[in-house]
Amino acid sequence: MPFKKLHSNIKEKLESLEITTPTPFQIASIPVIKSGSNVYCLASKDSGKTTTLILTTLQKLKCEEVGNVPRAMVLVENNERASELYNTFLTFTKHTSLRVYFGDEKVHIDTLKSEIFEGIDILISTPKTMRELFLLNGINSSQLKIFSIDDAEFLAQKTAYTESLMTITQSIDKCQFVIYAEKMHPILKRFESNFMERSMLVSV
């Protein structure tokens with residue numbers, strides 16, 4: 001079972017939260033994401049996608065802080081969702097040394113840059129803010145291991161979202177990309193010719 005092969009810190013946290021049985025989606029997706037491939041993860045609402053995103057991110061980073069530059073990034077639709085996901089991450093990272101950071105749109109970009117410079121492991125933000133950070137050299141992506149997009153359907157809503165994503169991904173030399181959505185949208189499919197090359201598909 002996928003949970004049994006996770007880092008001991010993650011298993012302890014799952015037990016404390018009384019999460020003992022993986023969902024069908026988690027059974028199918030966690031091993032594929034752990035393999036290091038780029039992955040499209042498609043499943044309905046409440047199938048465990050966000051929890052999977054958190055678990056696999058912590059697994060990738062081995063539940064410990066390393067260096068000063070982000071090793072995981074998570075892109076979400078808006079500031080409210082970024083704040084929610086940040087707080088959920090904190091539930092899982094409470095007894096680890098991992099540093100989770102919320103790139104708040106309401107905070108001046110120079111403040112975000114300086115705080116990120118002090119050292120973080122996981123960055124959660126919106127397309128707008130993350131794009132600004134990359135354009136202003138506010139993010140060093142040289143150690144980036146995994147880049148996830150949660151509830152990626154939002155990318156189909158505005159051209160600006162996909163343009164920002166293209167700017168971001170073109171600034172990243174190499175890492176694993178994981179896209180979570182309810183179903184494959186033509187725009188998501190199009191990413192196969194950009195940063196989602198040789199991607200795998202998990203659909204439950």
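The values are calculated or read from the model by the stated rules, or taken from the named source; none is laboratory data. As the structure is a prediction and not an experimental result, all values here were calculated from the model. Please note: Cβ atoms are built from the backbone with ideal geometry, for glycine as well, and neighbour counts cover all protein chains shown. To get the accessible areas, we keep the full protein, side chains included, count just its heavy atoms, and leave off ligands, DNA and RNA. Shrake-Rupley method; radii C 1.70, N 1.55, O 1.52, S 1.80 Å.
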Straight-line reach from Lys145: which lysines have a Cα under 18 Å away, not including same-chain ones fewer than 8 places off? Lys34, Lys60, Lys62, Lys174
Relative contact order (%) - the chain, alpha-carbon pairs under 8 angstrom, separation at least six: 29 percent
Accessible surface, 1.4 Å probe, highest first, among residues Met130, Met200, Met184, Met166: Met200, Met184, Met166, Met130
Going out from 0 in 5 Å bins, what whole percent of all Cα-Cα distances in region 90-150 drops into each bin? 4, 16, 31, 26, 16, 6, 1
³J(HN,Hα) across region 86-96 via Karplus (A = 6.51, B = -1.76, C = 1.60, θ = phi - 60°), whole Hz, x for Gly/Pro? 4, 5, 5, 4, 4, 4, 8, 9, 3, 9, 10
Using a 7 Å offset from the Cα along the Cα-to-Cβ direction at both Thr20 and Leu90, what is the distance between the two label points in nm, to one decimal? 3.0 nm
May I ask for the distance between the Cα centers of region 22-66 and region 140-185, given as a whole number of Å? 16 Å
Choice from Lys45, Lys113, Lys145 with maximal GNM fluctuation in the chain (Cα, 10 Å cutoff): Lys45
Return the distance in nm (one decimal) between the two label points of a simple spin-label model at Ser35 and Leu201, each offset 7 Å from Cα along Cα→Cβ. 1.5 nm
If R0 = 41 Å, then Ala160 and Ser8, at their Cβ-Cβ distance, give a FRET efficiency to the nearest 0.05 of 0.45
To the nearest 10 square angstrom, how much accessible area does Lys128 have with a 1.4 angstrom probe? 110 Å²
Accessible-area value, Ser16, 1.4 Å probe, nucleic acids and ligands omitted, Å²: 80 Å²
When all protein chains stay in place, what accessible area (Å², nearest 10, 1.4 Å probe) is found for Tyr161? 40 Å²
Only Cα pairs under 8 Å and at least 6 apart count here; give the relative contact order of region 99-170 as a rounded whole percent. 32 percent
